[in-house]
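This report concerns only the one structure given below.
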There are 2 protein chains.
Amino acid sequence: MSAHRFAMFAISWDASTEAPRKSAPYRAKMIGQLSGEIFAYQMLPENIAMLEEILVLPESDPLMLRSAEKYLKEINKIRAIPQAEYVAARQNTAMTTRIWEEAKKANDFAMIAPHLANEIETNRRFLEYRGYSGHPYDLLLDDHEEGFSMATYDAFFGTLKQDLLPFVRQLHEGAVQIDDSLLYKFYDQASQKRFVEYLIQVMRFDMEAGVLKISAHPFTSGASCNDVRFTVRYMENYLPAAVFAGAHELGHAMHSQQGDPRFEGTNLQHCSAGMSESQSRFYENFIGRSLVFWQTHFGKLAEIFPEQMAGVTPEAFWRIANRTKPSMTRVEADELTYPMHIMIRYELEKQLFGQEIKVEDLPELWNSKYEEYLGLRPTNHALGIMQDIHWYQNLWGYFPTYALGTAYGAQFYYTLLKEVDLASAIAEDKMEIVNDWLRRHIHSQGGLYSPSELFRRVTGEEFNPQHLVRFLKEKYSEIYK
Amino acid sequence: MSAHRFAMFAISWDASTEAPRKSAPYRAKMIGQLSGEIFAYQMLPENIAMLEEILVLPESDPLMLRSAEKYLKEINKIRAIPQAEYVAARQNTAMTTRIWEEAKKANDFAMIAPHLANEIETNRRFLEYRGYSGHPYDLLLDDHEEGFSMATYDAFFGTLKQDLLPFVRQLHEGAVQIDDSLLYKFYDQASQKRFVEYLIQVMRFDMEAGVLKISAHPFTSGASCNDVRFTVRYMENYLPAAVFAGAHELGHAMHSQQGDPRFEGTNLQHCSAGMSESQSRFYENFIGRSLVFWQTHFGKLAEIFPEQMAGVTPEAFWRIANRTKPSMTRVEADELTYPMHIMIRYELEKQLFGQEIKVEDLPELWNSKYEEYLGLRPTNHALGIMQDIHWYQNLWGYFPTYALGTAYGAQFYYTLLKEVDLASAIAEDKMEIVNDWLRRHIHSQGGLYSPSELFRRVTGEEFNPQHLVRFLKEKYSEIYK
């Protein structure tokens, strides 16, 4: 199956970065076939029997044991689905994604709505095959972050709503306002790319084992420690898009590149969606958005963009790049408002799978929630309900891991500070010190432990979102003092 | 199996255009696994039985029949090889290719020689498994061009040697010499790309169903009529590299794009290596290198490179771009000397598989033959014996199809002239007329017929290399008058 996974990796990477528009239908058919083969292999009675045997053998080593456990979890998700239905669903999703692209371009939610409804309907039918008690959304949440449910996420987002949202509103409505027009000057793509390449060096990512490319939605994927790919998006009139997506994806990329080769081709390459996101956020927020980072590296930015940065100090750039303001789109959100974007998606997904709302209600509900939490109403559906690819890729219960990962990251940050002088490592351009700590504690552990177990091993504590609240309040009080 | 072929397409395209250096070993392992799966599937007794049944069923349709015949031919090639040996060989070849890249960079033939010897040895062992009478090279020739053997190729190359080589020597040593320094001026890559994009429009290739990219060795590949990829190589100090490789690969690309969707995912997408090459050569030589083509499109080139082309007429450019001179490297050869490069490779392959020569003798033999046929000795092995990827990709008996395809192309050219006013179609920028003729007679036929049968259907004649000799002599007599 590792060869099939590798094939899927190559096909998806290609599809997201360069495949021609008209290639979609044939690819969808081929992806359907490959998924069918993976499905059939997983369902082979001898395969299942072997995995079940590993679970009960007293001499199974922990790696085998954990791998078998994870494979069986995947198998049990789909075991009761007829193969033909499963394959058809995978093909449909590939087409839904392509239609979403067209619908987004045309700013026409009605074009994609029936396909989206169909994805949800298929999901719900598959959950029925699988069988469950309680709320169907709980299963989807656990699928992406083992051990997490609506109860735990409600508590998490409840904390953010109670302890962070008032602070956010206070800053947005406060007397101190930061002029961020600097970020919207013209920055040509080729020069931005030079800065991203500089970031790659700063972070110590090995480009002999990696590829940097462009895609509409930045992402990272990889086949092995020696083959990690990531993308950014250059916006010539908005500098942070490539700079901070670069740092973010480099976090994912370092996580993969510093993995343990033992896990290559197995299902133990990564721990969980939230754990992966904690690493991208670590490099983006706790390194890339820090004052000391810009005190160290602003010189390079000013060298590349001398006119735009004339008269700007590193401290001023840091303050401007971190300014907070209501925004319509998640990917352009600042560090402080970002979790609010996720909260909106979480609440809607919960209601969709609870059958409290319908797909046709989404645009209006979306806009109202943006108005409520972020104080502004999206001006069109392309920048509203259709802004993110996830739902149109049939990813449900996944968004919450973005906010969770950010909160994991904050707690890792305070843990790391006990052992590592992060500010000096950044100031002295010695990222290898930070990389090494993350490699030892997190990256090299792959998927050997459940997220909560790995989390306890790294921090010695339970997950606690107050660390994120504390970090953001301290940082933003400094910026807005 | 079409999904496996699609996976291999995506993986190879990636490997040849952007995969990072260190990704090679893991990919080699995965390619080995996928090849093993294809192998195992092909060898399934029920698969073979089904194919054999199609051959004898009276109601089999011609498409099914031909497809089964071709599959069985492939299966019989490898049927007797133990799967483990087959998979190991595929993995080895992937590594040989990578080592060749390093060896070529280092200009160190000794580095690659044992690997090359091993590829030949493995091939010979596999041919023994397969069983044959006569010369082993005959099998390899037939593998790439059904119905062709040393007897037919000896006759073909004999004609070129007897009727063309003296003419070539006469021009190279003659009084008329053409100053080609124009071709070696500086042409920046971005502007060259604009001209290749212009060529794409001229040829009517649909970029919504295609990708243009860069690779060290230009090639075309594709998954379906709606997904055709091709590459060029930009040399900033040698204009023809991208311009004529562009026209050449566009020939392959049109051939694939104009295929019949019925053949998608089957082994009937293409007829043979020679037939494919006839199409690339058609667009390159009989269209792209013609006088009327440059009378029509030189204006665009002069618009993109006004300084370099100042004072140059379309006729002068045509003459210079077609000048003939001895060259060390095949891919930079002019139309007239090109077949001589192939003849050298053919003679060496024949001797290698006849065990008349050894791998360690190759560099010296190569250089001597270049001196004999082309009047110049390669100055180093990187530009000599290591210039082409083919042997290091375990492709033997393939080179001859390049010369053969060119000769097919000439005969198609004279056939097309009976029905189509080619010069007017080019002059009026109506390539769709030419495309349509080629589509109906060749492209849409896919692999439904053997090359010789398709050839007869198109031309109404047997293959005859005198058409190529006539075309080249007339063209070059005009250029060198």
Revision key, fill the gap. Given unit charges at Cβ for Lys, Arg (+) and Asp, Glu (-), the dipole magnitude of the stretch B:28-128 about its Cα centre in debye, nearest 20, is 420 debye
Exercise for review: Would you mind telling me the share, in percent, of accessible area of chain B contributed by carbon and sulfur at probe 1.4 angstrom?
Suggested key: 53 percent
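Which order do peptides A:29-38, A:452-461, B:467-476 fall in by mean Cβ count within 10 Å, highest first?
A:29-38, B:467-476, A:452-461
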**Study point:** Coarse-grained scattering of chain A at q = 0.05, 0.06, 0.11 Å⁻¹, given as base-10 log I(q)/I(0) from a Debye sum over alpha-carbon atoms
**Key:** -0.18, -0.27, -0.97
Review point. So if R0 is 35 Å, what FRET efficiency would B:E461 and B:Q355 give, r being the distance between their Cβ atoms, rounded to the nearest 0.05?
Key: 0.40
Point to revise | Calculated FRET value between B:I433 and B:R470, using beta carbons and R₀ = 22 Å, to 0.05 | key: 0.35
Point to revise | Candidate residues B:I214, A:I426: accessible-area rank, largest first, probe 1.4 Å | key: B:I214, A:I426
Exercise for review: Can you list the distances in nanometres, one decimal and ascending, from the A:E315 label point to the identical position in each other copy, with the point 7 Å along Cα to Cβ?
Suggested key: 7.5
Revision key, fill the gap. Taking a crude spin-label model, label points 7 Å out from Cα along the C-beta direction, the B:S191 to A:E121 distance in nm is 5.8 nm
Review point. Considering only the label points, 7 Å along Cα→Cβ from Cα, what distances in nm to one decimal separate A:S444 from the same position in each other copy, shortest first?
Key: 6.3
Check your understanding: Among all the aspartates and glutamates, which ones have a C-alpha under 18 Å from B:K358's C-alpha, if same-chain residues fewer than 8 places away are not counted?
Key -> B:D108, B:E119, B:E121, B:E347, B:E349
**Study point:** Nearest-20 debye value, the stretch B:314-364 charge dipole, Cβ charges on Lys, Arg, Asp, Glu
**Key:** 200 debye
Study note, to complete from the structure: Taking every residue of A:224-230, the Cβ atoms of other protein chains inside 10 Å of its Cβ average out to 5
Review point. Assuming R0 = 51 Å, what is the FRET efficiency of A:R21 and B:M43, from their Cβ-Cβ distance, to the nearest 0.05?
Key: 0.85
Practice item. For chain B, find the longest principal axis of its Cα atoms and tell me its angle to the long axis of helix B:431-441, 0 to 90°, nearest 10. Key: 30 degrees
Exercise for review: Give me a single rounded figure for B:30-37: the average over its residues of other chain Cβ atoms within 10 Å of their Cβ.
Suggested key: 4
Check your understanding: Where does helix B:24-43 land angle-wise versus the long Cα axis of chain B, in degrees 0 to 90, nearest 10?
Key -> 60 degrees
Review point. What angle do you read, to the nearest 10 degrees and between 0 and 90, between the alpha-carbon axis of helix B:62-78 and the longest principal axis of chain B?
Key: 70 degrees
**Study point:** Solvent exposure, largest accessible area first (probe 1.4 Å, DNA, RNA and ligands not counted), of A:S224, A:S444, B:S16
**Key:** B:S16, A:S444, A:S224
Check your understanding: In Å², what does the accessible area per residue of the stretch B:150-479 work out to with a 1.4 Å probe?
Key -> 35 Å²
Point to revise | Shielding by partners - mean other protein chain Cβ count within 10 Å, residues of A:8-19 | key: 5
Check your understanding: Which distances in nm, rounded to one decimal and ordered from shortest, link the label point of B:P114 to the equivalent label points in the other identical copies, with labels set 7 Å from Cα toward Cβ?
Key -> 6.5
Practice item. Output the peptides A:330-337, A:368-375, B:244-251, A:167-174 sorted from most to least packed, where packing is the average of other Cβ atoms within 10 Å over each peptide's residues. Key: B:244-251, A:330-337, A:368-375, A:167-174
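Longer than 23 Å from Cα to Cα, which of A:K300/A:K473; A:K77/A:K350; A:K193/B:K104 are they? Say none if no pair is.
Over 23 Å apart, Cα to Cα: A:K300/A:K473; A:K193/B:K104.
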Practice item. Per residue of the stretch A:266-276, in order, report the coupling 6.51 cos²θ - 1.76 cosθ + 1.60 (Karplus, θ = phi - 60°) as ³J(HN,Hα) in whole Hz, putting x for Gly and Pro. Key: 10, 8, 9, 5, 10, 7, 6, 4, x, 5, 4
Check your understanding: Between B:H135 and B:K105, how many nm apart are label points set 7 Å from Cα along the C-beta direction?
Key -> 3.8 nm
Check your understanding: Mind listing the phi-derived Karplus ³J(HN,Hα) values for the stretch B:134-143, rounded to whole Hz, using 6.51, -1.76 and 1.60 with θ = phi - 60°, and x for any glycine or proline?
Key -> x, 8, x, 5, 4, 5, 5, 4, 5, 4
Point to revise | Nitroxide proxy distance, nm - points 7 Å out along Cα→Cβ at B:S181 and B:S2 | key: 5.7 nm
Point to revise | Interface area, A with B, accessible, probe 1.4 Å, both sides summed, Å² nearest 100 | key: 2900 Å²
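Compute the Kirkwood hydrodynamic radius of the protein assembly as shown, taking the inverse of the mean of 1/r over all pairs of distinct Cα atoms, and give it in Å to one decimal.
Computed over Cα pairs of the protein assembly as shown, the Kirkwood hydrodynamic radius comes out at 31.3 Å.
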Point to revise | the protein assembly as shown: antiparallel DSSP beta bridges as a percent of all, rounded to 5 | key: 45 percent
**Study point:** Charge dipole of the stretch B:2-143 about the Cα centre (unit charges at C-beta), most positive-ward option of B:N92, B:F126, B:N76
**Key:** B:N92
Practice item. Calculate the dipole size of chain A relative to its Cα centre from +1 charges on Lys and Arg beta carbons and -1 charges on Asp and Glu beta carbons; express the result in debye to the nearest 20. Key: 620 debye
Exercise for review: Return the ratio Rg/(2.2 N^0.38 Å) for the stretch A:2-143, where Rg is computed over Cα atoms only.
Suggested key: 1.23
Exercise for review: Binning at 5 Å from 0, report for the stretch A:282-398 what percent of all alpha-carbon pair distances ends up in each bin.
Suggested key: 2, 10, 17, 18, 14, 11, 10, 9, 5, 3, 1, 0
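The values are calculated or read from the model by the stated rules, or taken from the named source; none is laboratory data. In this text, all values refer to a predicted model and were calculated from it rather than measured experimentally. Here Cβ is always computed from backbone atoms with ideal geometry, including for glycine, and neighbour counts include all displayed protein chains. The accessibility values were calculated without ligands, DNA or RNA, using every heavy atom of the protein model including side chains. Shrake-Rupley method; radii C 1.70, N 1.55, O 1.52, S 1.80 Å.
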